[in-house]
Each structure stands twice: as structure tokens, then as C-alpha cells.
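Down below is the structure, laid out as C-alpha cells.
The values are calculated or read from the model by the stated rules, or taken from the named source; none is laboratory data. Everything numeric here is computed off the predicted structure, so don't read it as measured data. Using ideal geometry, Cβ is built from the backbone for each residue, glycine included, and neighbour counts are taken over all protein chains shown. Side chains included, ligands, DNA and RNA excluded: accessible areas come from the protein's heavy atoms. Shrake-Rupley method; radii C 1.70, N 1.55, O 1.52, S 1.80 Å.
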Amino acid sequence: MRKRFYILFLLMLLSAFPASATHFMGGEIIWECLPNGNFRFIMRVYRECYSTGGGPAATYGNTEFLTGPYGNITMNLYPNAIQGKKDMSPVCHPQSTPHYACELPVSAGMAPNLGATQEWTYTSDQSHPNGVTLNGVPPASGWTFFWDGCCRNSAANYNGQPNWYLRAVMYPYNGQNTYPCFDNSPRFLARPNAALPVGYPFTYNHNGADWDRDSLAFEFAPSFTGAGAQVPYISPYTYNNPLPGPTVNPQNVAATIDPNTGEISFTSFTQGAYITVTKVTAYRCGIKIAEVFREIQVALLPSLVVNYPLTNMVANFPPDVVLQLPTGGPTILFDTVWAGELIQYGLTALDTLPPYQLAPSGAL
């Protein structure tokens, strides 16, 4: 009888802890100001789809808890447990191998850190259909909303598989009470790129925006394992030097971020998976009002991955973008726009396979 009690007690202890090894790759937390004065919270989480053994990775739950100044906020997959999960893996040419996608069967032999990534979207809609009421004035250090757990996917710029800590910070503004709400946090309009080829100059923008037309500033930020605890970065990597630079390979160009536009630029000939965090800070009349952090693990992959019939292995060069300009027209476009105005330009990209240069034998 005593042995049964011990076994039952052990099972109860095990069931009290959430599953680990969820292959966390990043995410972000934002909020919206509703017409009734309450807040709507949105959390996007990025998940690596395959584990080390080639099988599917563990998953997040359909319900998670966002911790804030008034306790936990229940977050549910939006709009439901099926549609709340989206494959954001890179779209491959039908004739290329291998493919990177989350819907592939395990028998396809997928391995981690190759770019097969899912986006899981949670909102506070189901638990708070009228929004979340925040009544008070944040302190000077701000109110931090966070979601944490175990464990991260492995990466080349930190040790082990430490815990994660997603966060966003709401700051005070002229002593104004947060109820009724008066601010929408900044957000990122573009999905992050989780897989990139090595060997080419690369520029990317998360497209930070703010519905209230607050001023925005961008910078790299630390990745956390908990409040105030940075992940154990491996030298020469740091939070503001997250990708392979010239100290790793003289051909590499270190990553930089434009503080005004958020554009990230780098060139890497070094493969691997690297965690990055981009912070966007919103200012209103010169006063810091909000910080949103987007974390994403980037997989830098070989560029020679195309298997085209009859030509064996060929180099996968980037597409050529053709500007549709009048004959003899300028190569630089100038325009005047106002904040909040929609800007659209058409671009045509040509991406063909043959007749490209054959890769050297054994290059892969």
C-alpha cells in the first residue's frame, strides 16, 4: 500500500510540470486599445517543427498564460486551435530538394534548425471578450508583460537549451491612467525570416509600425532566460552581435540594424542557427511609451541545395528584381507621403533554375 502511494504521488508531481523541449524559436507580445477602454493582448510564438531524432518536436498548449502587473492573462489560440497554427517555412521550388516544411511526414527525415517553422497566435479574446482592464499608472520602469518556459531550440550563439522569456513593456505617459486605454503598442507587419542562404549580402526589415503614429526606434536587444537574465552567449557572439561576423570568417560582414528604419543587413558564409532579438521602442512627444521585442532564431543554410533534372547540382542564386521604369528614367524613385498613408509599388522578380553554373563535385 505504501509503494502505491509513493508511485501515485510521483505521477502527480510529474503531471504538475509543463512539458519541456518545446523547441521555442521566438515570438513577440503586443497590445491593442479597444473602443471601450480595455486592452486586447496578442502573442505570437515561433516553433521549430522537428526534433533532433527527426521526429516532430513537442508542442505548445492551446492555452497559455501571459503574466502582467495584475496577474495572469489567459491566452487562447486564435481564432481556434487549428487556424491558430500557420506554417511559415520557406516556400521551395517543386523540383528542389530537400524541402523545409512543417506538414512533411517524419519519414521525410527532417532535422532541426533547417527552417521548418510554425507561427502560433494567441489572443486574450476568449478569456476576456470585453478586453483586459488595466487601471493604474505604470512605474518609471514600466509594466512588463511576459511569457516564459522551457526550453529553447539549440543554437550556435549560446550554450545549451536555456529557458525562454518573451516580454513587452508598457511605460507611463504624463501620469495618465491606463484606463481608459490611450495607446496601441508598436508591432511588426512582416513575418520573420527563419531560413536564409549563406554567401550573399542580405537585407531584411521586420516592418515595425505604430497605429498611433508614435515615433519608432530600432535596435538589437538581449535574449532572456528570465527577468534580467540573459541567455549564455558564446564568444564572439553577443546580443548586439548575434550573427557570424568577420571574426568567425573574414568574408562575413557583421549584422547591423538601422535605428531609424529597422533594416537589418549582413553577409554570412558561416552556417548554423542563431537567435536574434529586435526591439522597437515607441516615443510620443519625446516620451518613451512602449517597447516590443521580436525574437527569432535564424537558420543560415547552404545555398547549393537545388537538384535539377539532367544538370545534377546547381547553384541556387537569388532572383533578379526588375524595376519597371520608363526607358531612360531614373533608377531612384522620390515621393512625398504622410504618416499612416498606404504605399504600394510593384516589383517583378525573375527566378529561373537553368542554365546556372554547376556546383563543384562534392560541394554539398
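Put simply, of R152, R187, R191 the only residue that is among the basic types (K, R), modelled with pLDDT of 95 or more and within 25 Å of the chain's Cα centre (by Cα) is R187.
Among the residues of the stretch 184-210, count how many are over 21 Å from A290 (Cα atoms), part of a strand (DSSP E or B) and not aromatic (F, W, Y). The number of residues fulfilling the criteria is 5.
Residues that are farther than 17 Å from N76 by Cβ and hydrophobic (A, V, I, L, M, F, W, C) within the stretch 105-150 comprise V106, A108, M110, A111, L114, A116, L134, V137, A140, W143, F146, C150, listed in sequence order.
Filtered by the rule that a residue be polar (S, T, N, Q) and modelled with pLDDT of 95 or more, the stretch 271-284 gives T276, T278, T281. For the stretch 75-106, filtered to residues that are open to solvent by less than 70 Å² (accessible area, probe 1.4 Å), polar (S, T, N, Q) and within 23 Å of A195 (Cα to Cα), the residue that is modelled with the highest pLDDT is S89. Being closer than 29 Å to N130 by Cβ and assigned to a strand (DSSP E or B) is a condition met by no residue of the stretch 211-221.
The stretch 22-68 holds strands (runs of 3 or more DSSP E) entirely within its bounds, and those carrying 2 or more residues that are crowded, with 23+ Cβ neighbours inside 10 Å map to 24-33, 39-48. Look at the stretch 222-232 and say how many of its residues are part of a strand (DSSP E or B), surrounded by fewer than 19 Cβ atoms within 10 Å (Cβ to Cβ) and either in contact (Cβ under 8 Å) with a residue 12 or more places away in the chain or touching a Lys or Arg at 6+ places or on another chain (Cβ under 7 Å) (or both). Going through the stretch 222-232 one residue at a time, the tally reaches 2. Here P360 fulfils each of the conditions (1) modelled with pLDDT of 65 or more; (2) over 30 Å from H23 (Cα atoms) apart from (1).
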